1. Take the residues in region 77-99 that are assigned to a strand (DSSP E or B) and open to solvent by 30 Å² or more (accessible area, probe 1.4 Å); name whichever of them is farthest from Arg46 (Cα to Cα).
2. Would you check if Ile109 is under 25 Å from Arg36 (Cβ atoms), assigned to a strand (DSSP E or B) and modelled with pLDDT of 95 or more?
3. In this structure, does Val12 turn out to be at pLDDT below 90 and either among the polar types (S, T, N, Q) or more than 17 Å from Phe102 (Cα to Cα) (or both)?
4. Take region 94-108 and flag every residue that is over 15 Å from Ile26 (Cβ atoms) and without any contact (Cβ under 8 Å) to a residue 40 or more places away in the chain.
5. Can we say Leu76 is among the aliphatic types (A, V, I, L, M) and within 15 Å of Met29 (Cα to Cα)?
6. Among the residues of region 109-156, which ones are within 24 Å of Asp47 (Cα to Cα), open to solvent by less than 10 Å² (accessible area, probe 1.4 Å) and touching a residue at least 60 places away in the same chain (Cβ under 8 Å)?
7. Going by the structure shown, is Arg46 open to solvent by 10 Å² or more (accessible area, probe 1.4 Å), under 17 Å from the mean Cα position of the chain (by Cα) and within 25 Å of Phe151 (Cβ to Cβ)?
8. Residues of region 34-54 being under 15 Å from Asp73 (Cα atoms), among the polar types (S, T, N, Q) and not in a strand (DSSP E or B), which ones?
Amino acid sequence: MRILLQVVFTAVFLFNFELHPVHVSIAEMKYNATNRQLETSIKIFRDDLNAIIRTNTGINLNLDDANPKKQSDSLLKLFIDQNLQVEFNSKKAALNYIGYNFEQEAIWIHVFWKTPDRVRLLGITNKILIREFSDQLNLVNLDWKGTKTSFAFKKGIETQLKVLN
């Protein structure tokens, strides 16, 4: 656990530099019992995301410029839907896209998944930029009903399961 915390702090520290020597994303997931949904914010370096969207779609979507928001939202939703999946009780949940905002050299993308009444097993697949960068590390911090758990995803470890109470 100590090593995972060091990785998390290092990753957060690296988000403050204009040039980044490693590739990392951070997802903050929190269960909202009132709305019965898993609310998630994903932080990714903008330059990496811009390059991947351009490569995968042929669209030169520069998130630093004033692009049509509808086009940006559509492409970001598709990117997250293809690269971050959630399953409740072994059934894939449908992604709901909220929007995005910028923080220095990063972008925060906000989404949620509706949860069933009772969740016993949570499955997370996080493939964000793993195919594109051999050193990609995707950290997920989960807060489920006050119980906090962290996961690290990388090439070869793209899906993890968590038994919930």
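The values are calculated or read from the model by the stated rules, or taken from the named source; none is laboratory data. A quick note: this is a predicted structure, and the numbers were derived from the prediction, not measured. Backbone-built Cβ (ideal geometry, glycine too); neighbour counts: all protein chains shown. In case anyone asks, the SASA skips ligands and DNA or RNA and just uses the protein heavy atoms, side chains included. Shrake-Rupley method; radii C 1.70, N 1.55, O 1.52, S 1.80 Å.
1. Checked region 77-99; the qualifying residue farthest from Arg46 (Cα to Cα) is Lys91.
2. Values: under 25 Å from Arg36 (Cβ atoms): yes; assigned to a strand (DSSP E or B): yes; modelled with pLDDT of 95 or more: yes.
In short, yes.
3. no
4. Of everything in region 94-108, those that are over 15 Å from Ile26 (Cβ atoms) and without any contact (Cβ under 8 Å) to a residue 40 or more places away in the chain turn out to be Ala94, Leu95, Tyr97, Ile98, Gly99.
5. no
6. Answer for region 109-156, where residues must be within 24 Å of Asp47 (Cα to Cα), open to solvent by less than 10 Å² (accessible area, probe 1.4 Å) and touching a residue at least 60 places away in the same chain (Cβ under 8 Å): Ile109, Val111, Asn126, Ile128, Leu129, Gln136, Asn138, Leu139, Val140.
7. Working: open to solvent by 10 Å² or more (accessible area, probe 1.4 Å): yes; under 17 Å from the mean Cα position of the chain (by Cα): yes; within 25 Å of Phe151 (Cβ to Cβ): yes.
Taking the combined requirement at face value, the residue satisfies it.
8. Answer for region 34-54, where residues must be under 15 Å from Asp73 (Cα atoms), among the polar types (S, T, N, Q) and not in a strand (DSSP E or B): just Asn50.
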